[in-house]
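The values are calculated or read from the model by the stated rules, or taken from the named source; none is laboratory data. From a predicted model like this one, the values you see are computed outputs, not experimental measurements. FYI the Cβ positions are ideal-geometry reconstructions off the backbone, even for glycines, and counts take in every protein chain you see.
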Amino acid sequence: MSVVLRAYYDGSGKADDPGCPFMTLGGWIGADDAIADFERRWKLVLKQYGHDYVHMREAFHSKGSFAGRKREEFRAFTNALFNDCVSKIEWEYRDRFVGTCCTVNLADYRRAAEGFPELTKRKKAEALCVDYVVHTALRLLPEDLSAPYGKTGVVRLRFDRTEPFRHTIQRAWDRWRTQGVFPFIASIDTGNAREDILLQAADVLAWATSRAYREGYDGHARLFMGICRIQHQYYDYDRIVARLKKLLDDDRDTAA
């Protein structure tokens, strides 16, 4: 039977918002049994604290179902999500359930775009994030040295329906789905984070990561950044420029 991994992604921050310092795309990748166990544990924590879903912006600012809740309860709630769900699933399933995120320093991206005008055409900030988290999912596929690229199985991608990131990978997949690594992507779709547990968890990860860079590693951010075994990439000015130069070199090699 072919291995199927499922990857769920949600973002924090908008590239076209001049007041937004960081943009992060976070996600969780796992096999069906690990995801089912994760969902079960997550629902138990929600039920324990009297919530139908979690959205971190609402939770942190005491809005929506979190209206009137004290900060101490928010901390206890996030602690429970980590201790009773994320930590146990990561430990039990090891490399079969993995968190990943990518953060772009938007001020550095805009500065790089001024010095290298081709940047915004060759690689949008959203695309930097998508490239990293999707390739993380593909790297988790089992090895098969007899197969193309030494991998076997497929990944099914799901993005929160309100996020622009999906369009980046969707356009490329529609055009080249039979070429390169794209055949390893079986599907790309969207979901509703209010109903999809893994998208809620992706929102928590993206929020905590951006907050960690914006305000320093407070207790909530450390739960999902400092303690969890997250595969993470941070794009500052130097990394953005280096990535662009590599892409341009690759283009020249292809054209030669």
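Quick check, is LYS123 farther than 22 Å from GLY30 by Cα and modelled with pLDDT under 95? Spelling it out, LYS123 is indeed farther than 22 Å from GLY30 by Cα and modelled with pLDDT under 95.
Which one is surrounded by the fewest Cβ atoms within 10 Å (Cβ to Cβ), of the residues in segment 118-134 that are aliphatic (A, V, I, L, M) and within 21 Å of the chain's Cα centre (by Cα)? Selected residue: ALA127.
Per the listing GLU143, GLU163, the residue uniquely of a type in the set (D, E, K, R) and touching a residue at least 24 places away in the same chain (Cβ under 8 Å) is GLU163. Within segment 88-108, the residues that satisfy the criterion of being closer than 28 Å to VAL181 by Cα and either crowded, with 22+ Cβ neighbours inside 10 Å or free of Cβ contacts under 8 Å to residues at least 40 places away in the same chain (or both) are GLU90, ARG94, PHE97, VAL98, GLY99, THR100, CYS101, CYS102, THR103, VAL104. Inside segment 10-22, can you point out the residues that are in contact with a Ser or Thr (Cβ under 7 Å, 6 or more places away or on another chain) and within 14 Å of THR162 (Cβ to Cβ)? Matches in segment 10-22: GLY11, SER12, GLY13. Scanning segment 7-29 for residues that are over 15 Å from TRP207 (Cβ atoms) and either among the β-branched types (Val, Ile, Thr) or touching a Lys or Arg at 6+ places or on another chain (Cβ under 6 Å) (or both) gives a single hit, ILE29. Residues that are aliphatic (A, V, I, L, M) and touching a residue at least 40 places away in the same chain (Cβ under 8 Å): does segment 65-87 have at least one? Yes; the residues of segment 65-87 include at least one that is aliphatic (A, V, I, L, M) and touching a residue at least 40 places away in the same chain (Cβ under 8 Å). Restricting attention to segment 184-199 and to residues that are surrounded by 15 or more Cβ atoms within 10 Å (Cβ to Cβ) and free of Cβ contacts under 8 Å to residues at least 60 places away in the same chain, the residue that is farthest from the chain's Cα centre (by Cα) turns out to be PHE184.
Regarding segment 191-201, can at least one residue be identified that is out of contact with any strand residue (DSSP E or B) (no Cβ under 9 Å at 6 or more places or on another chain) and acidic (Asp, Glu)? For segment 191-201, residues out of contact with any strand residue (DSSP E or B) (no Cβ under 9 Å at 6 or more places or on another chain) and acidic (Asp, Glu): present. Selection of first residues in segment 6-22 that are among the acidic types (Asp, Glu) and of second residues that are part of a strand (DSSP E or B), restricted to Cβ pairs under 8 Å at least 6 apart or on distinct chains, gives the following pairs, ordered by first then second residue: ASP10/LEU25; ASP10/GLY26; ASP10/GLY27; ASP10/PHE159; ASP10/ASP160.
Scanning segment 135-166 for residues that are crowded, with 19+ Cβ neighbours inside 10 Å, more than 15 Å from ARG96 (Cβ to Cβ) and in contact with a Ser or Thr (Cβ under 9 Å, 6 or more places away or on another chain) turns up LEU157, ARG158, PHE159, ASP160, GLU163, ARG166. Looking at segment 198-208, can you tell me whether even one residue there is part of a loop (DSSP other than H, G, I, E, B) and of a type outside the set (Phe, Trp, Tyr)? Scanning segment 198-208 turns up no residue that is part of a loop (DSSP other than H, G, I, E, B) and of a type outside the set (Phe, Trp, Tyr). One residue stands out in segment 89-145 among those that are in a helix (DSSP H, G or I) and of a type in the set (Asp, Glu): the one that is farthest from ASP236 (Cα to Cα), namely GLU92. Note on segment 216-246: residues that are assigned to a helix (DSSP H, G or I) and at pLDDT below 75 total 9.
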